[in-house]
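In what follows, a structure is listed as structure tokens, so that the remarks can point back to it.
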Amino acid sequence: MNITELTVHELQEKLKNKELTISEITKAYVDRINEKEKDVQAFVTTLTEEATKQSEEIEEKINSGEIKGEFAGIPIGIKDNMCTKGVKTTCSSKMLENFIAPYDATAVKKINEENIINLGKLNMDEFAMGGSTEHSYFHKTYNPWNLNKVPGGSSGGSAAAVAANMVPWALGSDTGGSIRQPASFCGVVGLKPTYGLVSRYGLVAFASSLDQIGPITKDVRDSAMLLNIITGHDEMDTTSANIEKKDYTKALKKDVKGMKIGVPKEFYGEGVQPEVEEKIKAALEEYKKLGAEIVEISLDVAEYSLATYYIIACAEASSNLGRFDGVRYTHRAKDYNGLWDLYKKSRSEAFGDEVKRRIILGTYVLSSGYYDAYYKKAQQVRTLVMNKFNEAFGKCDVIITPTSPTTAFDIGGKLNDPLSMYKADICTVSVNITGLPGISVPCGVDNDGMPIGMQIIGNRFEEEKILNAAYAYEQVEKFRENHKPTFKK
Amino acid sequence: MQVSKEQILHIANLARLNLKEDEVEEYLKNLDEILNFANIINNAPTEDLGITIGSNEEKNVFRKDEVKIFEDRDALLENAPSKENNMFKVPKII
């Protein structure tokens, strides 16, 4: 049995049947990290020693009957922008290189309450700004399917670690596609929940009206299970939705009879890699066989969404990142002349290139004389995009698009062309603008063997429908049985 | 060029960033390209549409204004690059 290839629900089954012990599982993952991390470099901080110790303690407590719990002893990896008490939270930035949060993020607290074992903090684009994880201050992360390709981003470390079997599942965050796009590039499942479903307390803010934490997993069942753990109303986040907690695994049905799937023609064609379009069209044929009805719809807002997204996200970021002032969060420049100089020098030397670019863009669109033309107009376009999606959901239950117009690109391929990097987010950003839930599931590979992701978008708080659609398709596609990362160079 | 060198230096100052000469050139070029692209929102039919600041429906969430003691003050101050007497320390301002 190859332990690290198992999904979490398979691990649970083996634990239940006493075929495996908790310490055996942790040991298998620690060994796997020791073997693969040098090639993939998915972590900022590994906690292998701590995890080993914790696994023994949890095992003892379970044996003595002190604790129970269906997830006790299951390992996880956490994106390095979620606060973990006592363990560094760097956001892959020099600014927070030595920052140790004095509290746990709510999502992390919920993980800890289940006695899930944290194997480490995962690499990302600095402050979650980017789509390739090349903007990490520490190091790049490499795509397990081809080590010359990017894993996507910004949750590239999370997606690559899951794909490389270094963690069984991981938490990521998604502001404009940062869970779904790396999941697509790495052949795993990534879910961005409805805005407000998962508390953002303790998630280092990038764009507060768009950010959302979600699961990155090997399959759809694990996605539903991890979502079950992290959802729930939280007083510490005023945008947290006060709705009843659901069991999302109940939505995992093998058919989609009567489901109407909307296909927006504007998300296909020009700019979309032919194999991506081909595989998604093939998936739509599978859906017909599973009982769904395909409805062609129009959503002529993709480009407006992208422009609006970058205006709003950068505006919010320029404000959110104001707190990094050289006073409270570990980094301070060595020599300075007065307070202003301290601010400027500390920020200029500790923020990376992409972060500075976005702060400048965000400050520009908020500045006197440009606010109405850019920021206010973008907020109006946001209303327009929401109206268009509301109209679309009058005609269908879920919407299917590519997750990304292309498969993973080469390392360095878009690094010197920020606009081209931004344009790769065209299929994912409207989901953040509207606050809707979206899931990316693998639907095949391209001619070079790189995974292709299909995005399923649902209406607000209708995670069940997208999970149902994703699960039903996964049972016939059997991606994990047919395709595996090769770690080729 | 939509943005001048003076403007970008003004913006950088507002954002408390120092830009090196080569950064000024690069960011000017980037900003120009990105704003040129972003200008497509001017074609969006938004007449009579209100603004959206967030996607959730709740507007104001109130709680009691109570003082709560954060227990782990030491852990918080542990992150201060400079501190004195349990406080963050900054250079003299007045």
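The values are calculated or read from the model by the stated rules, or taken from the named source; none is laboratory data. Nothing here was measured: the structure is a model prediction, and the numbers come from that model. Don't worry about glycine lacking a Cβ; one is built from the backbone with ideal geometry, like all the others, and counts go over all protein chains shown. Ligands, DNA and RNA are excluded from the accessible area calculation, which covers all protein heavy atoms including side chains. Shrake-Rupley method; radii C 1.70, N 1.55, O 1.52, S 1.80 Å.
Can you give me the Cα centroid spacing of the stretch A:55-108 and the stretch A:298-317 in angstrom?
The stretch A:55-108 and the stretch A:298-317 have Cα centres separated by 34 Å.
Is it possible to state the helix-based mean residue ellipticity at 222 nm for chain B, with each DSSP H run of 4+ residues giving -39500 (n - 2.57), the sum divided by total residues, to the nearest 500 deg cm²/dmol? What is it?
Helix contribution divided over all residues of chain B: -10500 deg cm²/dmol.
Excluding residues fewer than 8 places away in the same chain, name every one of the lysines whose C-alpha is closer than 16 Å to that of A:K488.
The qualifying lysines are A:K36, A:K38, A:K149.
Say the cut-off is 22 Å between C-alpha atoms; which of A:K260/A:K289; A:K192/A:K423; A:K68/A:K109; A:K16/A:K253; A:K218/A:K279 go over it?
Over 22 Å apart, Cα to Cα: A:K16/A:K253.
Suppose each label sits 7 Å from its Cα in the direction of the beta carbon; what would the B:K20-A:D410 distance come out to in nanometres?
About 2.7 nm, to one decimal.
Does anyone have the angle between helix B:21-38 and the longest principal axis of chain B? Alpha-carbon axes, 0 to 90°, nearest 10?
60 degrees
Once a ≥ b ≥ c are taken as the square roots of the eigenvalues of the Cα gyration tensor of chain B, is the result rounded (a/c under 1.5), prolate (a/b larger than b/c) or oblate (a/b not larger than b/c)?
Oblate shape, in that a/c is at least 1.5 and b/c is the bigger or equal ratio.
Would you kindly state how much longer the chain becomes between A:S319 and A:T383 on full extension, computed as 0.36 nm times their sequence separation minus their alpha carbon distance, in nm to one decimal?
20.9 nm
Between A:S64 and A:A282, what is the label-point separation in nm under the 7 Å Cα-to-beta-carbon projection?
So the two model labels end up 5.5 nm from each other.
Report the accessible area of A:C83, computed with a 1.4 Å probe over the heavy atoms of all protein chains in place, in Å² rounded to the nearest 10.
Near enough 10 Å² of accessible area.
Suppose R0 equals 60 Å. What FRET efficiency, 1/(1 + (r/R0)^6) with r the Cβ-Cβ distance, do A:E35 and B:S4 give to the nearest 0.05?
0.65
How crowded by other chains is A:353-363, given as the mean number of beta carbons from other chains within 10 Å of each beta carbon?
Partner-chain Cβ atoms within 10 Å, mean over residues of A:353-363: 5.
Going by accessible area, probe 1.4 Å, with all protein chains left in place, what is the ranking of A:V385, A:V44, largest first?
On the way: A:V385 0, A:V44 40 Å².
Accessible-area ranking of A:V385, A:V44, largest first: A:V44, A:V385.
Any chance you could look up the accessible area of A:D372 with a 1.4 Å probe, heavy atoms only, rounded to 10 Å²?
My reading of the accessible area for A:D372 is about 100 Å².
For B:M87, what accessible surface area do you get with a 1.4 Å probe? Give it in Å², rounded to 10.
110 Å²
When Cβ neighbours within 10 Å are restricted to other protein chains, what is their mean count per residue of peptide A:312-320? Kindly include the intermediate steps, with their values, before the conclusion.
Numbers: counts 2, 0, 2, 0, 1, 0, 3, 0, 0.
The mean count of partner-chain Cβ atoms within 10 Å per residue comes to 1.
Put one equal scatterer on each alpha carbon of the protein assembly as shown, apply the Debye formula with no solvent term, and list log10 I(q)/I(0) at q = 0.05, 0.09, 0.10 1/Å to two decimals.
Here the Debye-derived log intensity ratios amount to -0.20, -0.66, -0.82.
Just flag the GluC sites (Glu not before Pro) in the stretch A:191-275 sitting in loop per DSSP whose Cβ has no more than 14 other Cβ atoms within 10 Å.
Here the GluC sites (Glu not before Pro) that fit, given the DSSP loop and packing criteria, are A:E235, A:E244, A:E270.
Excluding same-chain residues fewer than 8 positions from B:K68, which lysines have a Cα within less than 16 Å of its Cα?
Excluding near neighbours in sequence, the set is empty.
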